[in-house]
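The values are calculated or read from the model by the stated rules, or taken from the named source; none is laboratory data. The model shown is predicted, which means the values in this text are computed figures rather than measured ones. Reconstructed Cβ throughout: ideal geometry from the backbone, glycine too, with neighbour counts over all protein chains shown.
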């Protein structure tokens with residue numbers, strides 16, 4: 001059975017304090033690894049797709065990386081507006097996308 | 001482009017009542033999905049439609065039915081609501097269900113069944 005585990009469940013950072021969120025996955029034949037951002041009361045917003053180990057993608061203060069067992073979302077010098085829940089999802093093939101439960105990030109000014 | 005839209009945003013039902021959640025996308029995507037999100041459980045797939053004219057069960061389909069009305073619209077129906085169906089429901093769309101394309105989500109419907 002495919003599994004996606006995110007850690008930590010919650011993370012509190014001071015503004016400017018860089019850190020990483022972890023997404024461990026057990027999926028046979030990974031087709032894609034997705035990161036989403038979800039603000040309170042809203043739907044998930046797509047951030048990145050990674051397809052193969054070693055791949056990296058960046059957007060502003062966020063950088064996503066992928067290994068054969070994990071993905072990391074690195075947040076550099078975060079700002080309060082980066083506060084949100086970050087979801088990871090792994091696809092094992094046709095209509096086999098498994099979501100993690102998310103990491104709730106709070107950035108304190 | 002509006003992306004994915006959902007109606008209503010909030011709904012309160014009594015046990016046994018029925019209702020339909022509406023979803024539409026303007027991205028010309030082939031595939032559409034209905035998820036529910038509950039605390040501590042992540043997003044779980046209820047039903048999906050790989051393309052216009054087809055629908056298939058997901059992980060938690062019991063108590064729900066769906067209709068792919070056309071390429072743009074995908075509705076979710078609760079025939080006889082139960083308190084266990086209290087949740088936040090999200091509609092999503094993607095290019096196709098191959099697993100290599102990201103999904104785009106609507107704003108959600110918050111449903112309470114009393």
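The table for this structure:
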quantity: Filter result for the condition that a residue is modelled with pLDDT of 95 or more, more than 11 Å from the chain's Cα centre (by Cα) and loosely packed, with under 13 Cβ neighbours inside 10 Å, over B:3, B:40, B:16; calculated: B:16
quantity: Residues of the stretch B:105-114 satisfying the condition of being within 11 Å of chain A (Cβ to nearest Cβ) and surrounded by 20 or more Cβ atoms within 10 Å (Cβ to Cβ); calculated: B:105, B:106, B:108, B:109
quantity: Which numbered condition residue B:102 misses (of (1) facing another protein chain (nearest Cβ under 9 Å); (2) under 13 Å from residue B:4 (Cβ atoms); (3) in contact (Cβ under 8 Å) with a residue 24 or more places away in the chain); calculated: (3)
quantity: Whichever residue in the stretch A:22-80 is free of Cβ contacts under 8 Å to residues at least 12 places away in the same chain, within 14 Å of chain B (Cβ to nearest Cβ) and part of a strand (DSSP E or B) and, among such residues, is farthest from residue B:101 (Cα to Cα); calculated: A:57
quantity: Residue in the stretch A:81-109 that is farthest from residue A:3 (Cα to Cα), counting only those that are in a strand (DSSP E or B) and within 10 Å of the chain's Cα centre (by Cα); calculated: A:85
quantity: Residue check for residue B:20: more than 26 Å from residue A:86 (Cα to Cα) and not in a strand (DSSP E or B); calculated: no
quantity: Boolean, residue B:6 is assigned to a strand (DSSP E or B), touching a residue at least 60 places away in the same chain (Cβ under 8 Å) and facing another protein chain (nearest Cβ under 10 Å); calculated: yes
quantity: Residue list for the stretch B:58-78, restricted to those being in a loop (DSSP other than H, G, I, E, B), away from every other protein chain (no Cβ under 14 Å) and at pLDDT 95 or above; calculated: B:62, B:63, B:70, B:71, B:72
quantity: Test result for residue B:89, more than 9 Å from chain A (Cβ to nearest Cβ) and on the phi < 0 side of the Ramachandran plot; calculated: yes
